[in-house]
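Notes follow the structure.
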Amino acid sequence: MVLPFIDSHAHLNLMPETHSSGEVYERARQAGLEALINVGTDLERSRESIRLAARIPNVFATVGLHPGDANLWNTELGSEIERLSTEPKVVGIGETGLDFSYPEPSREAQERSFRGQIKLAFSRDLPLVIHCRDSFDTLFSILESASLPSRPGVLHCFTGDRKAADRALEMGFYLSFSGILTFRNAESLREVARQVPLHRILVETDCPYLSPVPYRGKTNEPAYLPETLSVLSLVRAADPVDLARSIRDNTRTLFALPETV
Ligand SMILES: [Zn+2]
Ligand SMILES: [Zn+2]
């Protein structure tokens with residue numbers, strides 16, 4: 001059974017040399033992939049995402065600065081991200097957000113970069129791709145006091161609890177589940193995933209990271225995404241094909257992908 005899917009968050013440009021983008025993409029097509037969002041993490045990687053999107057028909061790009069690189073944020077860099085966001089097939093801003101699991105960059109630097117990119121997303125009316133680790137309270141208070149784009153965006157690789165999920169849903173965000181959902185110790189995350197309204201769920205690989213069971217320890221790639229979909233369908237007691245189609249359509253809606261994709 002082939003499940004149709006869109007990988008809402010991938011980094012084909014960060015795959016090891018053994019995994020050429022063309023081959024990885026072809027394997028994913030065989031496994032049911034219809035489109036893929038390649039996410040930028042800094043200026044150069046945002047440019048790489050745009051180049052990948054130009055080269056591969058159903059690949060789209062986002063441009064932004066990862067919280068891990070928030071020290072690089074300044075007005076000039078912001079203007080360059082804004083310029084890149086006008087390129088063809090750019091469908092979102094990010095990944096941005098907050099990650100307080102590491103001592104550096106400072107919280108202040110991360111918040112500055114995040115606020116700058118929220119402004120950008122609002123002015124360009126593009127959805128935000130948000131990375132959030134150990135920082136939900138600060139993240140939500142920033143988002144709740146900001147002007148958000150009409151399709152606010154997605155909390156990628158969501159690992160928060162029910163309360164965090166509710167706050168994000170309240171503001172109109174989508175929640176994207178990764179291979180973490182398949183991990184043995186992820187029972188509480190599966191419980192959250194069981195309860196999120198179907199029309200707000202996305203799935204992703206975040207490849208080359210976070211391979212789902214049974215590929216843990218290997219380089220992750222979009223062809224493995226159906227493992228996450230299968231677990232999600234079990235958890236929600238949903239028909240796998242119906243569930244996959246709904247999630248694919250959610251991804252199209254959030255990123256305003258062309259109908260033909
Ligand atoms: Zn991330
Ligand atoms: Zn990522």
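The values are calculated or read from the model by the stated rules, or taken from the named source; none is laboratory data. Just so it is clear, the model here is predicted, and its values are computed rather than measured. A quick note on method: Cβ atoms are made from the backbone with ideal geometry, for glycine too, and the neighbour counts reach across all protein chains shown. The protein model used for the area step is the full one, side chains on, heavy atoms only, and it has no ligands, DNA or RNA in it. Shrake-Rupley method; radii C 1.70, N 1.55, O 1.52, S 1.80 Å.
The table that follows gives values for the structure above.
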quantity: Residues of region 124-154 classified as free of Cβ contacts under 8 Å to residues at least 24 places away in the same chain, among the small types (G, A, S) and either assigned to a helix (DSSP H, G or I) or touching a Leu at 6+ places or on another chain (Cβ under 6 Å) (or both), total; calculated: 1
quantity: Only listed residue being on the phi < 0 side of the Ramachandran plot and touching an Asp or Glu at 6+ places or on another chain (Cβ under 6 Å), chosen from S145, S178, S188; calculated: S178
quantity: Pair list, Cβ under 6 Å, 6 or more apart: region 1-26 residue hydroxyl-bearing (S, T, Y), other residue within 16 Å of ligand 2 (Cβ to nearest atom); calculated: S8/I37; S8/S176; S8/L202; S8/E204; S8/T251; S21/L12
quantity: Some residue of region 221-228 being open to solvent by 10 Å² or more (accessible area, probe 1.4 Å), away from ligand 2 (no atom under 16 Å from the Cβ) and in contact (Cβ under 8 Å) with a residue 60 or more places away in the chain; calculated: yes
quantity: Looking only at region 176-202, and only at residues there that are outside any loop (DSSP other than H, G, I, E, B) and touching a His at 6+ places or on another chain (Cβ under 9 Å), the one that is farthest from T96 (Cα to Cα); calculated: L202
quantity: Flag for A164 being assigned to a helix (DSSP H, G or I) and free of Cβ contacts under 8 Å to residues at least 40 places away in the same chain; calculated: yes
quantity: Residue within region 180-188 that is among the aromatic types (F, W, Y), modelled with pLDDT of 95 or more and open to solvent by 10 Å² or more (accessible area, probe 1.4 Å) present; calculated: yes
quantity: Breaking point among (1) in contact with a Lys or Arg (Cβ under 7 Å, 6 or more places away or on another chain); (2) among the aromatic types (F, W, Y); (3) open to solvent by 10 Å² or more (accessible area, probe 1.4 Å), for Y25; calculated: (1)
quantity: Residues located in region 4-20, provided they are small (G, A, S) and away from ligand 2 (no atom under 16 Å from the Cβ); calculated: S20
quantity: Index of the failed condition, A223 passing every other in (1) among the small types (G, A, S); (2) away from ligand 1 (no atom under 16 Å from the Cβ); (3) within 24 Å of D239 (Cα to Cα); (4) part of a loop (DSSP other than H, G, I, E, B); calculated: (4)
